[in-house]
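The values are calculated or read from the model by the stated rules, or taken from the named source; none is laboratory data. As the structure is a prediction and not an experimental result, all values here were calculated from the model. In this analysis, Cβ positions are derived from the backbone assuming ideal geometry, glycine residues included, and neighbour counts consider all displayed protein chains. Heads up: the accessible areas ignore ligands, DNA and RNA and are worked out on the full protein's heavy atoms, side chains in. Shrake-Rupley method; radii C 1.70, N 1.55, O 1.52, S 1.80 Å.
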Amino acid sequence: MIIVLKPGTEEARIQELVAMLEALGVIVQRNNGVDYTVLALIGDTTQVSQYPIETNDIVHKVVRIQEPFKRANRLFHPPDTVIRVGGHEIGGGQFVVAAGPCAVESEKHICEMAQLMKAAGAHFLRGGAFKPRSSPYSFQGLGKEGLTYLARAGRDAGIPVVTEIMSIDMIDEFVKNVDIIQVGTRNMQNFTLLRELGRIDKPILLKRGMSATIEEWLMSAEYIISEGNENVILCERGIRTFENYTRNTLDIGAVPVVKRLSHLPVLVDPSHASGIWWMVEPLARAAVVAGADGLLVEVHTDPKQALSDGNQSIKPQKFDRLMKEIEVLASIMGRPLRAPGEERT
Ligand code: PEP
Ligand code: MN
């Protein structure tokens, strides 16, 4: 952080400000220019940011040269974060795919989906037990029962599971039953939930808020990491724009931006990004070549009868084809679907 002082400021006032800043734990380097005195702050400026420096009457302007997110920042942690779940490596150069229905609809259905996803080569099974629906009258998910079905389906098929959490009181259940806990777009800024998830030892898949900037998204990751849980996986799932042909607009550019700014892995969800089943395939391909670490895809055996998001769900046969395409593209990008030595089971 750089603080430029107003010309002609009294020496005593400058010293008073410097002493206050030093008391906040930063090193203050002073540069007396012809017109302006400039103070460069070195070290952790988190405490300083709490003070209204800009409104101090001797301050001309404040230039923040540090991004507000620190632990999620690549400057803080230059190598890529690699998260190991169920024998797979997320962010470690392997391209991973999480796939399954939008919601857990019944024990039989999720078990069938688990077998199909595993056979197609997906690394993780997705399925929502707690569904954050826009309408209170839409299917809200099977809740705790759904969580049990999902866990059983994953265990029987030998595929780790990912599912969305909506409230703090379910954390213990999720820790017991789930391999990756998803925070949905609507809860990206539920800071109380994020902080609590920062205190557990379980990877968190943090979806981008539908109206969140990249910086806000990374700040949400910071909430989790700052409490101690460093295993955060980001997921770009489309944002709201003026375009309304698609449900959301896939911000494909966010992938290279996030990879540059942060060391965290980033997945792309082409299903929620488009809301249209025939767009899933082209957007998935784009995600691979844009440098994403993986995909989150909605698949359903009978999309027309799906209890949620049928319109954006692809059928298992199409998913099979998609996986084959992805495998080729990902290997061109130097990101095999399997880690070295990892057998396809
Ligand atoms: C989901 O993955 O099922 C979901 C609800 O996603 P999002 O939070 O991105 O809308
Ligand atoms: Mn969905």
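For region 251-274, filtering for residues that are over 23 Å from E67 (Cα atoms) and open to solvent by less than 10 Å² (accessible area, probe 1.4 Å) leaves 6. Note on region 67-110: residues that are surrounded by fewer than 20 Cβ atoms within 10 Å (Cβ to Cβ) and more than 20 Å from the chain's Cα centre (by Cα) amount to 4. For R64, are the conditions met, namely being touching a residue at least 24 places away in the same chain (Cβ under 8 Å), within 16 Å of ligand 2 (Cβ to nearest atom) and open to solvent by 10 Å² or more (accessible area, probe 1.4 Å)? Taking the combined requirement at face value, the residue does not satisfy it. Taking the numbered list (1) surrounded by 20 or more Cβ atoms within 10 Å (Cβ to Cβ); (2) outside the structural domain of G93 (by TED's automatic domain parsing) in turn, N248 passes all entries but (2). Only one entry in D179, D169, D201 is touching a Pro at 6+ places or on another chain (Cβ under 9 Å) and either open to solvent by 50 Å² or more (accessible area, probe 1.4 Å) or at positive phi (or both), namely D179. Residues that are out of contact with any strand residue (DSSP E or B) (no Cβ under 8 Å at 6 or more places or on another chain) and more than 30 Å from K259 (Cβ to Cβ) within region 48-78 comprise Q50, Y51, P52, T55, N56, D57, listed in sequence order. In region 285-306 there is at least one residue matching the filter, namely being in the same structural domain as P101 (by TED's automatic domain parsing), among the acidic types (D, E) and assigned to a loop (DSSP other than H, G, I, E, B).
Considering only residues that are hydroxyl-bearing (S, T, Y) and under 19 Å from S134 (Cα atoms), look in region 287-324 and name the one that is farthest from ligand 1 (Cβ to nearest atom). Across region 287-324, the extreme among qualifying residues is S313. When region 279-323 is filtered for residues that are in contact with a helix residue (DSSP H, G or I) (Cβ under 9 Å, 6 or more places away or on another chain), open to solvent by 30 Å² or more (accessible area, probe 1.4 Å) and over 18 Å from R247 (Cα atoms), the ones remaining, listed by number, are R285, V289, A290, T301, D302, K315, K318, D320, R321. Applying a threshold of 8 Å to beta carbon distances and a minimum spacing of six or more residues, or different chains, the list of pairs starting in region 22-33 at a residue that is on the phi > 0 side of the Ramachandran plot and ending at one that is not in a strand (DSSP E or B) reads G25/G43; G25/D44; G25/Q47. Of all residues in region 204-222, those being surrounded by 24 or more Cβ atoms within 10 Å (Cβ to Cβ) and more than 16 Å from ligand 1 (Cβ to nearest atom) number 1. Against the conditions (1) open to solvent by 30 Å² or more (accessible area, probe 1.4 Å); (2) in contact with a Pro (Cβ under 7 Å, 6 or more places away or on another chain); (3) within 13 Å of ligand 1 (Cβ to nearest atom), L116 satisfies every one except (3). Please verify whether region 98-107 includes one or more residues that are under 20 Å from D302 (Cβ atoms), more than 16 Å from ligand 1 (Cβ to nearest atom), at pLDDT 95 or above and of a type in the set (G, A, S). Yes, the conditions are met somewhere in region 98-107. The set of residues in region 222-245 being among the acidic types (D, E), without any contact (Cβ under 8 Å) to a residue 40 or more places away in the chain and either closer than 29 Å to W277 by Cβ or outside the structural domain of P203 (by TED's automatic domain parsing) (or both) consists of E243 alone.
The residue pairs whose first member lies in region 119-134 and is under 16 Å from L296 (Cα atoms), whose second member is modelled with pLDDT under 95 and surrounded by 24 or more Cβ atoms within 10 Å (Cβ to Cβ), and whose beta carbons are closer than 7 Å, counting only pairs six or more residues apart or on different chains, do not exist in this structure. For region 123-139, the set of residues classified as in a loop (DSSP other than H, G, I, E, B) and in contact with a helix residue (DSSP H, G or I) (Cβ under 7 Å, 6 or more places away or on another chain) consists of G127, A129, F130, P132, listed by residue number.
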